[in-house]
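The values are calculated or read from the model by the stated rules, or taken from the named source; none is laboratory data. Since the model is a prediction, treat every value here as computed from it, not as a measurement. We place every Cβ from the backbone using ideal geometry, glycine too, and count neighbours over all the protein chains shown.
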Amino acid sequence: MVIDCKHVWEHISGYLDGDLAPEILEEVQKHLDHCGICSAILDSTRNILILTADERVFELPLGYSDRLHARLDAEIGGMGAPDGRGSDPVPF
Amino acid sequence: MSAAASAANTGCGREARKIASILAGNTHEFHELIRPYERGAYVMALSMLKNEADAEDVAQEAFLKAYRGLRSFRAEAKFSTWLMSIVLNEARNRLRRKNAVQMESLDEPPGTETRISPTLLRDWREIPSETLERMEVRSMLRDAVSALSPIYREVLLLRDVEEMSVGESAEALGISQAAVKVRLHRARLMLQKRLAPQLKKMNSKRGWFGWL
């Protein structure tokens, strides 16, 4: 089976996650080895995801952690150990 | 057992012991328990609410809710997954309350059954992470994530920013693993489609290192 560019694009995410079935992986790899366009799409996607995950992209506001722990101190202090009563339902 | 799995088990075991200790009355240990998740909670809330003050407030509320509900936490789930699902719920509730009219739909956006085509490139010159020193690049990336529909944004942040597994992301979002994979694939291609031309254009105008 020879797959074309559009089929390879369907597998970009699975390829990056190492999540493709062996037979699909083999076809995708074969295609990538010879197709500059699909290789560039794969490289750019991988590169963009690495940049997006960098912690400089989403910076924490100055003092965020201090304010969070101060609030927890203030509220937990008056609450005691969690007893599970009166709390909102939690997802699972 | 692999070294990674063993380390994860140790981490989970440590958290389980800490949770037991908090429930037994050592409430101050809650601070330490949540420290690794402070950042993820804020980023998730910010990406949903797009407002720093709201995001900070939602993160605080979510941690308080987690504290109050700690006894209902099931040990077979991962604490981080449970916590992130509380943050997501809190952020969604805040959105509903705050802006019911302009609220973004949490449902599948129309037209998503169609295939997403990435930006076609003949070659890609690696963009080094040093370029993130530039505010405009950080802002470009944030804008691209913000522009995704919520269902794609959530899954992208859980998987690619928080580095949660497919299974954990599925549990936190309350969807199937197959849905996580489909949404993630679309989210990643949408980011590539939008960002690749922008980044390539900047890269070709001036070498990255030339303007660092």
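In table form, for the structure just shown:
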quantity	calculated
Candidates B:GLU163, B:GLU154, filtered to the one that is within 18 Å of A:ARG46 (Cβ to Cβ) and modelled with pLDDT under 95	B:GLU163
Residue ID - nearest to B:THR119 (Cα to Cα), chosen from residues in region A:1-29 that are modelled with pLDDT under 95 and more than 11 Å from every other protein chain (Cβ to nearest Cβ)	A:ASP4
Subset tally (residues that are surrounded by 13 or more Cβ atoms within 10 Å (Cβ to Cβ) and assigned to a helix (DSSP H, G or I)) for region A:53-73	9
Qualifying helices (runs of 4 or more DSSP H) (wholly inside region B:1-94; at least 1 residues being modelled with pLDDT under 95, out of contact with any helix residue (DSSP H, G or I) (no Cβ under 9 Å at 6 or more places or on another chain) and polar (S, T, N, Q))	B:3-23
Residue tally, condition of a type in the set (Gly, Ala, Ser) and closer than 13 Å to B:ARG188 by Cβ, over region B:131-168	1
Search result, residues across region B:40-63 that are surrounded by fewer than 20 Cβ atoms within 10 Å (Cβ to Cβ) and either more than 14 Å from B:LEU88 (Cα to Cα) or among the hydrophobic types (A, V, I, L, M, F, W, C) (or both)	B:ASN51, B:GLU52, B:ALA53
Options B:LYS65, B:LYS50: the member that is at positive phi and charged (D, E, K, R)	B:LYS50
Residue in region B:126-144 that is of a type in the set (A, V, I, L, M, F, W, C), closer than 23 Å to B:GLU90 by Cβ and in contact with a Leu (Cβ under 9 Å, 6 or more places away or on another chain) present	no
Helices (runs of 4 or more DSSP H) wholly inside region B:118-212 that include at least 2 residues being in contact (Cβ under 8 Å) with a residue 60 or more places away in the chain and at the interface with another protein chain (Cβ under 9 Å from one of its Cβ atoms)	B:135-147, B:166-173, B:177-205
Filter result for the condition that a residue is part of a helix (DSSP H, G or I), exposed (fewer than 15 other Cβ atoms within 10 Å of the Cβ) and β-branched (Val, Ile, Thr), over A:ILE76, A:ILE50	A:ILE50
